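One structure is given here, and the rest of the page talks about it.
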Amino acid sequence: MTNLKNRASKAFFWDIVGNYGGQVIIFIISIFLARLLSPEDFGLVGMSMVIIHIFRVFADMGFASALIQNQSNTHLTYSSVFYLNIVIGILFTLLIYLGAPLIGFFYENDRVTTLVEWLSLLFVFNSFNIVQGTILKKKLAFKPISIILLISQFVSGGVAIFMAFIGYGVYALVIQQLLIAILNTIILWNVSEWKPAFQFSWNEVRKITGFSSYLFFGQFLNQLFKQMDTLTVGKLFTPAVLGYYTRAESLNSLISKNSVSTFNRVFFPVLSSLQQEDERFEKVYFQVLDIVSTIAVFSSGLFFLIGDEIIIGLFGQKWHPSVAVFQILVLKGFTYPLNALMVNAFLAKGKAKANFYFGNVRRILQLVPLGVAYFYGFDPF
């Protein structure tokens, strides 16, 4: 117990360093980019990233979490999943690239087509680092993960600011996304002790598909429903309106999701290691739940009150329409960390199927606002 507690404490510390250090970097970079670029630029990238976010779960098909939850992985297991991830990454890069004209046609915007074609490369780049990152998380080795995160965000952000300054516009944001994926992969390969063997086994893959299949479908539906708002705003309104929305949503995510994401990332591998010890499992769960709920409620209330000062003071008057959206989003943001903790508890116990079915109830409830808006109308700024 003491050894696990020490490892978890170190993992927690380093994930805080990576998470909050990374968020500081992202936040500072976003201030420069918001002043250099227009709301329309952010809106165009928001339109383009919808399909990327929805299909991103196909990058690992739920295998990353399955590898963490399963306690009997072998080198053959990791190698098999590694090669399968690469094949999936290549296939989805081709699929999204070839389907880019259809996405542009949906939005009635040819610029979106070109942006999606470039962003489709993310599937290939990310497929090469999934297993390495998963192994480090399983070992609670969050120090190298955090350092890699900080380096990739700092370098990619600096390049994006420079590209925006010299007039590349929306493509500065695209380059930023691609550089993060490339740098993560290159550095992880140099840091990770694990390297794939030239072997593959469907049997090893099938051993974890019982868990990963339900997790995958759940994640896919989560992303689909999560992107509904961006998809709807992007389709019905101008790229500038979507830009205001994505600015508010990104700031809300910075607060609600990242304020307690360290608990969630460390929480899952810790609980997975205690899956056979019900009493310790329950004790750890409720201890973390108390801490996370307090932080979530306090931060949501605080940022609702100072939303106007944050957005206008940092990003400029041109982003004023984002204030009202941000205040609405931040009020519901306190539920995210609590939901994430419950999901992690289900998955750590191997109950991916039960989590999938409970998740379907949540997804149906998420359709209610869109239904109300459909019947009573959408009111832009």
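The values are calculated or read from the model by the stated rules, or taken from the named source; none is laboratory data. Keep in mind that what you see is a predicted model, and the values were worked out from it rather than measured. All Cβ positions, glycine included, derive from the backbone under ideal geometry; neighbour counts span all protein chains shown. Note: accessible area is taken over every heavy atom of the protein model, side chains too, but ligands, DNA and RNA are not part of it. Shrake-Rupley method; radii C 1.70, N 1.55, O 1.52, S 1.80 Å.
General observations
- Among residues of region 282-296 that are surrounded by 12 or more Cβ atoms within 10 Å (Cβ to Cβ), those with a beta-carbon under 7 Å from a residue that is polar (S, T, N, Q) and not in a helix (DSSP H, G or I) at least six positions away or on a different chain give the pairs ILE295/SER259; ALA296/SER259.
- Within region 198-248, tally of residues that are open to solvent by 40 Å² or more (accessible area, probe 1.4 Å), part of a helix (DSSP H, G or I) and modelled with pLDDT of 80 or more: 3
- Members of region 103-140 found to be part of a loop (DSSP other than H, G, I, E, B) and under 23 Å from ILE86 (Cβ atoms), listed by number: SER120, LEU121, PHE128, ASN129, LYS139
- Cβ-Cβ under 9 Å pairs, at least 6 apart or on other chains, region 157-176 side farther than 16 Å from ILE25 by Cβ and in contact (Cβ under 8 Å) with a residue 24 or more places away in the chain, far side open to solvent by 20 Å² or more (accessible area, probe 1.4 Å) and of a type in the set (Gly, Ala, Ser): GLY169/SER38; VAL170/SER38
- For region 73-98, taking the residues that are open to solvent by 20 Å² or more (accessible area, probe 1.4 Å) and not aliphatic (A, V, I, L, M), the one that is nearest to the chain's Cα centre (by Cα) is identified as PHE92.
- Complete set of residues in region 2-19 that are at pLDDT below 75 and either within 15 Å of PRO269 (Cα to Cα) or open to solvent by 70 Å² or more (accessible area, probe 1.4 Å) (or both): THR2, ASN3, LEU4, LYS5, ASN6, ARG7, ALA8, SER9, ALA11, PHE12, ASP15
- Any hit, region 355-364, residues being surrounded by 12 or more Cβ atoms within 10 Å (Cβ to Cβ), at pLDDT 70 or above and part of a loop (DSSP other than H, G, I, E, B): no
- Looking only at residues in region 184-197 that are in a loop (DSSP other than H, G, I, E, B) and touching a residue at least 40 places away in the same chain (Cβ under 8 Å), the one that is nearest to PHE82 (Cα to Cα) is PRO196.
- Some residue of region 54-65 being part of a helix (DSSP H, G or I), polar (S, T, N, Q) and open to solvent by less than 40 Å² (accessible area, probe 1.4 Å): yes
- Restricting attention to region 113-148, the residues that are among the charged types (D, E, K, R) and either within 30 Å of GLY234 (Cα to Cα) or touching a strand residue (DSSP E or B) at 6+ places or on another chain (Cβ under 8 Å) (or both) total 1.
- Members of region 133-192 that are within 17 Å of LEU122 (Cα to Cα) and small (Gly, Ala, Ser): GLY133, SER152, SER156, GLY157, ALA160, ALA172, ALA181
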